[in-house]
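Q: My questions will all concern the structure given below.
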Amino acid sequence: MKLGYPNHPRRDLTQEIAWIGRNGFDFIDLFLEPDLGESRDVVPENIRDSMSEFGLDGVGHLAWYLPIGSPIRELREGAVAASKRYLALFAACGIKKVTIHAHWPPSMFSVEEGIEFQTKSLKALLEWCSANAMTLMYEPVGDSREDRSTLEHLFNLNPELAFHLDIGHFNLNGRNPGDFAEAFRDRLVHVHLHDNDGNRDLHLPMGAGKIDWKAFLPRLKAVYDGTITIEVFSAEREYALHTQRRLKEVWNTL
Ligand SMILES: [Zn+2]
């Protein structure tokens, strides 16, 4: 298991990398998005140098609000064009695995149409990733349409798409994240870890919400031992470091 932490895209990236490196993380979950991580301002050489100064590996994270599943074709095409620009920047930073988020159309469109819109965008991006030796990871966002059969259908339509399990997102809408870790174990390549109350996507420290970690973590470790980002967004970062320490302690006893 390798532990990472994301930079806040509205804070100075060099300082964020230094904080992540000094606090014992193995990698940065690099959020390249506005405002301070906007594509036109990103200098990949500087990011690479800072990461190597602190011995950090990296995974990439596209903005969560890219409209890849919009019913409006022009918006989807814009999302694909923007994603390709950012994917090229991640590649220039030496990063090989990048997250893209699910995006669902308004409820007047069917689940099937939501899959179709997203698949159009994902196909274009997967082609780019395949030509550039990169892995695209799909992160469901906690939408009620993301049940097992819908995700199976979407993954079957996109054989090269990897699965990103965001534990907090899969604790919403009455679901259990352990079920999804097991169901999609063959595609699982990255994890985001945070807690919530089952109703809202709160990004709380582990143990501050209602996830049954004693039951969940053994299920996760039985199918996965890769990169995990502590996606705790409390303003006081000591909470994220507490999760980092506790997770290591618990994981080592499993
Ligand atoms: Zn996440």
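Every number in this text was worked out from the coordinates using simple rules, so none of it is lab data. Owing to the predicted nature of the structure, the values given are computational and were not obtained by experimental measurement. Cβ atoms come from the backbone with ideal geometry, glycine included; neighbour counts cover every protein chain shown.
Q: Between Arg40 and Glu249, what FRET efficiency follows from the Cβ-Cβ distance if R0 is 35 Å, with the result rounded to 0.05? Provide the component values of the computation, followed by the final result.
A: Working: r = 43 Å, r/R0 = 1.22.
With R0 = 35 Å, the Cβ-Cβ based efficiency is 0.25.
Q: Is there a quick way to get the dipole size of segment 135-254? I mean about its Cα centre, with the Cβ of Lys and Arg at +1 and of Asp and Glu at -1; what is the value in debye to the nearest 20?
A: On the way: 14 positive and 19 negative charges, 72 e Å.
Roughly 340 debye for segment 135-254.
Q: What FRET efficiency do you get for Arg185 and Glu112 if R0 is 25 Å and r is their Cβ-Cβ distance, rounded to the nearest 0.05? Let's see the in-between values first.
A: Working: r = 26 Å, r/R0 = 1.03.
Working from the Cβ atoms, E equals 0.45.
Q: What is the diffusion coefficient of the chain in µm²/s, taking the Kirkwood radius over Cα pairs and the Stokes-Einstein relation at 4 °C with a viscosity of 1.567 mPa s? Walk me through the intermediate numbers first.
A: Working: Rh = 18.5 Å.
Rounded to a whole number, D works out at 70 µm²/s.
Q: In Å and whole numbers, how far do the C-alpha atoms of segment 57-160 stretch along each principal axis, longest first?
A: 40, 28, 22
Q: Of the DSSP beta bridges with both residues in the chain, give the percent that are antiparallel, rounding to the nearest 5. Present the calculation step by step, with values, prior to reporting the outcome.
A: Working: 1 of 28 bridges.
About 5 percent, rounded to the nearest 5.
Q: Charges only on Cβ, +1 for Lys and Arg, -1 for Asp and Glu: so what's the dipole of the chain about the Cα centre, in debye to the nearest 20? Write out the running numbers ahead of the final one.
A: Values: 28 positive and 37 negative charges, 70 e Å.
With Lys and Arg at +1 and Asp and Glu at -1, about 340 debye.
Q: With only alpha-carbon pairs counted, each pair once and no self-pairs, how large is the Kirkwood hydrodynamic radius of segment 1-102 in angstroms?
A: On the way: mean 1/r = 0.0721 Å⁻¹.
Taking every pair of different Cα atoms in segment 1-102, averaging 1/r and inverting gives 13.9 Å.
Q: Can you name the helices of the chain, as whole DSSP H runs, whose Cα span along the helix axis is 27 Å or more and whose Kyte-Doolittle mean is not below -0.5?
A: Values: long enough: 73-92 (29 Å, 0.11); 111-131 (30 Å, 0.00).
Both cut-offs are met by 73-92, 111-131.
Q: How would you order 93-105, 184-196, 138-150 from highest to lowest mean count of nearby Cβ atoms within 10 Å?
A: On the way: 93-105: 21.8, 184-196: 20.2, 138-150: 16.8.
Output ranking for 93-105, 184-196, 138-150: 93-105, 184-196, 138-150.
Q: For segment 194-206, take each phi angle, set θ = phi - 60°, evaluate the Karplus expression 6.51 cos²θ - 1.76 cosθ + 1.60, and give the result in whole Hz per residue in order, putting x for glycine and proline.
A: 6, 10, 7, 8, x, 10, 10, 7, 8, 6, 8, x, 4
Q: Next question. In deg cm²/dmol and to the nearest 500, what is the mean residue ellipticity at 222 nm of the chain if only DSSP H runs of at least 4 residues count, each as -39500 (n - 2.57), divided by the residue total?
A: Details: 8 runs with 105 residues, N = 254.
Taking each H run of at least 4 residues, the total per residue is -13000 deg cm²/dmol.
Q: At 0.36 nm per residue, and after removing the present C-alpha to C-alpha distance, how many nm does the segment from Asn173 to Tyr65 gain when stretched out fully? Don't skip to the answer; put the middle values down first.
A: Values: separation 108, 0.36 × 108 = 38.88 nm, distance 2.01 nm.
Value of the extension gain: 36.9 nm.
Q: May I ask you to compute the full-extension gain from Asp147 to Asp201, defined as 0.36 nm times their residue separation minus their alpha-carbon distance, rounded to one decimal in nm? Can you show the working numbers first?
A: On the way: separation 54, 0.36 × 54 = 19.44 nm, distance 1.70 nm.
Stretched out fully, the Asp147 to Asp201 stretch lengthens by 17.7 nm.
Q: Further question on the same structure: Please compute the modelled spin-label separation between Met1 and Glu53, points set 7 Å along Cα→Cβ, answer in nm with one decimal.
A: Taking the simple label geometry, Glu53 and Met1 are separated by 3.0 nm.
Q: Let me know the charge dipole size of segment 1-115 about its Cα centre in debye, to the nearest 20, where only the beta-carbon of Lys, Arg (+1) and Asp, Glu (-1) is charged. The partial results should precede the final answer.
A: Details: 12 positive and 16 negative charges, 33 e Å.
Roughly 160 debye for segment 1-115.
Q: I would also like to ask the following. Which Cα, out of Ala215, Ala63, His164, lies furthest along the positive dipole direction of the chain (beta carbon charges, K/R +1, D/E -1)?
A: Ala215
Q: Taking a spot 7 Å from the Cα of Asp212 along the direction of its beta carbon, which residues of segment 122-141 have an amide N less than 15 Å from it?
A: From segment 122-141, the list is empty.
Q: Projected onto the charge dipole of segment 79-140 (+1 at Lys/Arg Cβ, -1 at Asp/Glu Cβ, origin at the Cα centre), which of Gly94, Leu125, Ile115 gives the Cα projection farthest towards the positive end?
A: Gly94
Q: Roughly how many whole Å is it from the C-alpha centroid of segment 91-135 to that of segment 163-240?
A: 22 Å
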